[in-house]
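Okay, so here's the structure we're looking at.
The values are calculated or read from the model by the stated rules, or taken from the named source; none is laboratory data. What you see is a predicted model; the values in this text were computed from it and never measured. Backbone-built Cβ (ideal geometry, glycine too); neighbour counts: all protein chains shown.
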């Protein structure tokens, strides 16, 4: 290649030998599924699994990528005919591969019509999605559709021009019912517990509000399997984009970067045709719950803990946070002593080994996962990552002194957002404004702050919020996190835990 070219179909045969390319006739690939939310994670995960499957068993499983929220795709992925470079980074090692499973891209931010045209097509048998937790317009504490959500209010008043995920999917199914009646599987790939149950609940609730028997038709003709997905894929930087040109000699505006590890566990609950992703390393099971609890409470729980506490400690990346001796000891003990006893056994998985594997993944210095990015939308994440294991521990009559610290860390992160981080990072959380208003009223009075935040019942189940042990632990940690030495809460919790463990060991010896 004499001149710098942009990645596209014409370049595939002239890629450098170091770059792996699709091992099938991409020109013959027809669309069979659509994906909502074509961000870095999808390009590093579901699209790669599909690319693997097409190499093993070629079939009509091309992906139509749809974004209903920014960023737009047309100028990057669309300009490259759906092709992009997936970089796997493991400390000093880099592996490059061009993924070919996305055959078309659609921007549907200005109007739902382009998305609906794809989703309602009889060619589409499956819709997958990564729209982040808040995209489901649900109440985190209960999983119910948030009927007060502005997008839901809009969509119920304008059902033919929806802008929310539940509204778009309900309209999709309504169009399919009236045109061809073909069944559809809708597969959530977001980090929400029982994500298939949540997705079905918000879509069918929306359909029930619409009436006309739509909810009953959906019950008979659509499936909502749950799934657990895992691969760390941070936001792509300009440095990532430039690295492809510097290392491999071509431009790519849609690079995706991920770690070597990947996992996909999918519930056997399908309507109609389904890709044989199990041939490419995915696992089909009858119950995803043990797998999702393990991943959300261990890996994701560690990420949220390191992210919020890391930001408060002035650390930029997860790898920086886990390299900190105090935070490293804290997160490991939290997982081993308090999180692990809340987990249901997972076939073939040794829990302690999984914890060490997860922490090892977070040490990968080539994955520049910013703590602020992980802390984004924390209100949508802490229920499954921290509050649910805390609730289980309280039912067991066991301690929560360690798990309570990152809950207070999320509070402190939002309380300090405008003052500490506003100039350097736009803090993004659906509850950021509410917590900021609480902070304006309460100042730095930790008991008042904690009490007011715990009263947000869409995050904190009232029963948990009223638990005196939980309230006391969170309030104490919050006061220290808001002090001049935010890591005092981490040190104190470790010291208290050590005293408690020593007392338990003496009692057992007697």
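Of note:
- Being buried (at least 17 other Cβ atoms within 10 Å of the Cβ), in contact (Cβ under 8 Å) with a residue 40 or more places away in the chain, assigned by TED's automatic domain parsing to the domain that holds residue 123 and more than 24 Å from the chain's Cα centre (by Cα) holds for only one residue in 163, 171, 247, 231, and it is 171.
- So residue 132, is it closer than 27 Å to residue 379 by Cβ, at pLDDT below 95 and surrounded by fewer than 17 Cβ atoms within 10 Å (Cβ to Cβ): no
- Residues (farther than 26 Å from residue 135 by Cβ and either modelled with pLDDT of 95 or more or in a helix (DSSP H, G or I) (or both)) located in region 428-460: 439, 440, 441, 442, 446, 447, 448, 449, 450, 451, 452
- Residues that are farther than 21 Å from residue 480 by Cα and assigned to a helix (DSSP H, G or I), drawn from region 309-331: 318, 319, 320, 323
- Subset of region 209-228 that is part of a helix (DSSP H, G or I) and in contact (Cβ under 8 Å) with a residue 12 or more places away in the chain - its residue that is surrounded by the most Cβ atoms within 10 Å (Cβ to Cβ): 218
- Flag if residue 341 is under 22 Å from residue 384 (Cβ atoms), assigned by TED's automatic domain parsing to the domain that holds residue 478 and at pLDDT below 95: no
- In the condition set (1) in contact (Cβ under 8 Å) with a residue 60 or more places away in the chain; (2) surrounded by 22 or more Cβ atoms within 10 Å (Cβ to Cβ); (3) within 26 Å of residue 169 (Cα to Cα), residue 289 is compliant with all but (2).
- Residue match in region 111-118 (condition: surrounded by 20 or more Cβ atoms within 10 Å (Cβ to Cβ), in contact with a helix residue (DSSP H, G or I) (Cβ under 7 Å, 6 or more places away or on another chain) and in contact (Cβ under 8 Å) with a residue 60 or more places away in the chain): yes
- All told, residue 23 meets the bar of being in contact with a helix residue (DSSP H, G or I) (Cβ under 6 Å, 6 or more places away or on another chain), surrounded by fewer than 23 Cβ atoms within 10 Å (Cβ to Cβ), part of a loop (DSSP other than H, G, I, E, B) and free of Cβ contacts under 8 Å to residues at least 40 places away in the same chain.
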